[in-house]
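Here is the structure we will look at, set down as structure tokens.
The values are calculated or read from the model by the stated rules, or taken from the named source; none is laboratory data. None of these values were measured; they are calculated from a predicted model. All Cβ positions, glycine included, derive from the backbone under ideal geometry; neighbour counts span all protein chains shown.
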4 protein chains.
Amino acid sequence: MTRIQYQDCIEACLKCMNACNFSYVSSLKEYDLALLRDCIRMDRECADICAYAIQAMTRQSPFVAEICRLCADICEATARECGRYEQTHCRNCINACLECARACREISDAVAVMI
Amino acid sequence: MTRIQYQDCIEACLKCMNACNFSYVSSLKEYDLALLRDCIRMDRECADICAYAIQAMTRQSPFVAEICRLCADICEATARECGRYEQTHCRNCINACLECARACREISDAVAVMI
Amino acid sequence: MTRIQYQDCIEACLKCMNACNFSYVSSLKEYDLALLRDCIRMDRECADICAYAIQAMTRQSPFVAEICRLCADICEATARECGRYEQTHCRNCINACLECARACREISDAVAVMI
Amino acid sequence: MTRIQYQDCIEACLKCMNACNFSYVSSLKEYDLALLRDCIRMDRECADICAYAIQAMTRQSPFVAEICRLCADICEATARECGRYEQTHCRNCINACLECARACREISDAVAVMI
């Protein structure tokens, strides 16, 4: 597993962090903020684990498989949460989260096979 | 500057992160959530820099002075923001932020003198 | 699961981060640095996940169980790595890591039962 | 200052974090590890602040100017440290750090003007 092989997953995590943090900031500006409270919280959870996974991959952490698996779990939960809302920033989150989850599971499985 | 001398500041940062994140979670549960949108955002900003400063001190970062100065700035801004609200969790944040800011400036000044 | 119930685990994570980062800094100052390369790397991995777990608990993350389980896994691996060295800072790490792993598993199990 | 305007700086920070963490991992594998002890430490300091700055930009932090200024300072210090070594991974770090510092100062100055 070289740095280059992580590249797609790092990009997917960055896009997901971007989408989640954009949804977080956008939700906090909405008039009907109260409806979005769970979304706000999940967005930040997801952005945090994506940031953590990105750093872990760039430093070739010995725990990349475990960290990416956790990131995938949180991404999928965030996608489900975002699926409850009609806002564009929430809809955009769903795709970014699911794509990130897919990329993270690919890394996680690939690393697990190598050990 | 030994690890022991950082201890008080680490404790102040931990208390501040705790108060800010508690205020963040509590704000997201409030009925009048919309009034608290700026508070929610500042709480998380402050918790994040506190977490960063704690790690920096425990690893004796060469940039402790700069990191603690930034932490103090953000803590003071968060204290001002929390001062606009009557909620108990916001009032508790003010003290924790100001105490953390004070401890961070002490470290920052002490390290700067040594260099 | 209230904030208070997380307190012991937060303290254990802080002690572990402190011990690991102290071992990291101390290892980088050692004459026989080359012998400690794996230890240096694990120390930082462990400090990073401890910092992450602390923040997650203070913000009452919905993923506390999963994050603390990962933290426990990494703490145990770090304790095994540190067990290969005679340096005092490595020996001190072992206890801090094992104590943190124990506290994290307790939280992880307790949260899992509640869900 | 929109998300799109941060994009170049986020990319520069990601490249810098990548280069620094690659240098960190590579340094820890080197035979003459002892010569690289200061480099190892600076690499991780730089990677950490880059990760922090990336998240801050994606969440449109009210402290982007201050955080990016700190990131630039640490990048420049890391570039100076890496300039003392002949290893390819250190040479690659210099450029990535200086480019990141430049992008961070641009953001920092642009945001400061807007306030």
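If the condition is being among the small types (G, A, S) and facing another protein chain (nearest Cβ under 9 Å), then the stretch B:48-73 contributes B:A51, B:A56, B:S61. Within the stretch B:48-62, restricting attention to residues that are of a type in the set (A, V, I, L, M, F, W, C) and under 19 Å from D:M57 (Cα atoms), the residue that is surrounded by the fewest Cβ atoms within 10 Å (Cβ to Cβ) is B:A51.
Quick check on my filter: what residues within the stretch B:20-42 are more than 9 Å from chain C (Cβ to nearest Cβ) and either of a type in the set (F, W, Y) or touching a Cys at 6+ places or on another chain (Cβ under 7 Å) (or both)? Can you show your working first?
Within the stretch B:20-42, the subset more than 9 Å from chain C (Cβ to nearest Cβ) is B:23, B:26-42.
Passing the criteria: B:S23, B:S27, B:Y31, B:C39.
Report yes if B:D8 is more than 11 Å from chain C (Cβ to nearest Cβ), more than 25 Å from A:D43 (Cβ to Cβ) and assigned to a helix (DSSP H, G or I), otherwise no. It is true that B:D8 is more than 11 Å from chain C (Cβ to nearest Cβ), more than 25 Å from A:D43 (Cβ to Cβ) and assigned to a helix (DSSP H, G or I).
Here are some residues: B:E45, B:E99, B:E76. Which one is at the interface with another protein chain (Cβ under 8 Å from one of its Cβ atoms), surrounded by fewer than 24 Cβ atoms within 10 Å (Cβ to Cβ) and either part of a helix (DSSP H, G or I) or β-branched (V, I, T) (or both)? Outline the logic, then answer.
Details: B:E99 fails: at the interface with another protein chain (Cβ under 8 Å from one of its Cβ atoms); B:E76 fails: at the interface with another protein chain (Cβ under 8 Å from one of its Cβ atoms).
Answer to the check: B:E45.
Tell me yes or no: at least one residue of the stretch B:1-22 is among the small types (G, A, S), in contact (Cβ under 8 Å) with a residue 60 or more places away in the chain and surrounded by 19 or more Cβ atoms within 10 Å (Cβ to Cβ). The answer is yes; a qualifying residue exists. B:S23 fulfils the conditions (1) modelled with pLDDT under 95; (2) in contact with a His (Cβ under 8 Å, 6 or more places away or on another chain) except for a single criterion, (1). A:D38 satisfies every condition listed in (1) under 9 Å from the mean Cα position of the chain (by Cα); (2) in contact (Cβ under 8 Å) with a residue 24 or more places away in the chain except (1).
Scanning the stretch C:79-96 for residues that are of a type outside the set (S, T, N, Q) and in a helix (DSSP H, G or I) returns C:A79, C:R80, C:E81, C:C82, C:H89, C:C90, C:R91, C:C93, C:I94, C:A96.
One line per residue, one yes/no per condition, for (1) closer than 17 Å to B:V25 by Cα; (2) modelled with pLDDT of 95 or more; (3) charged (D, E, K, R); (4) in contact with a strand residue (DSSP E or B) (Cβ under 8 Å, 6 or more places away or on another chain):
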{"position": "A:E11", "(1), (2), (3), (4)": "no, yes, yes, no"}
{"position": "A:K15", "(1), (2), (3), (4)": "no, yes, yes, no"}
{"position": "A:A34", "(1), (2), (3), (4)": "yes, no, no, no"}
{"position": "A:D38", "(1), (2), (3), (4)": "yes, yes, yes, no"}
{"position": "A:V64", "(1), (2), (3), (4)": "no, yes, no, no"}
{"position": "A:C68", "(1), (2), (3), (4)": "no, yes, no, no"}
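Which residues, taken from the stretch A:73-91, are β-branched (V, I, T) and either closer than 17 Å to A:C13 by Cα or under 15 Å from the mean Cα position of the chain (by Cα) (or both)? Once the filter is applied, which keeps residues that are β-branched (V, I, T) and either closer than 17 Å to A:C13 by Cα or under 15 Å from the mean Cα position of the chain (by Cα) (or both), the stretch A:73-91 yields A:I74, A:T78. Residues in the stretch A:82-103 include at least one that is among the small types (G, A, S), modelled with pLDDT of 95 or more and within 22 Å of C:L70 (Cα to Cα).
Could you check how many residues of the stretch D:19-60 are among the polar types (S, T, N, Q) and over 19 Å from D:A101 (Cβ atoms)?
We begin by selecting, within the stretch D:19-60, every residue among the polar types (S, T, N, Q); these are D:21, D:23, D:26-27, D:55, D:58, D:60.
Next, only the ones that are over 19 Å from D:A101 (Cβ atoms) stay: D:26-27, D:58, D:60.
Selection size over the stretch D:19-60: 4.
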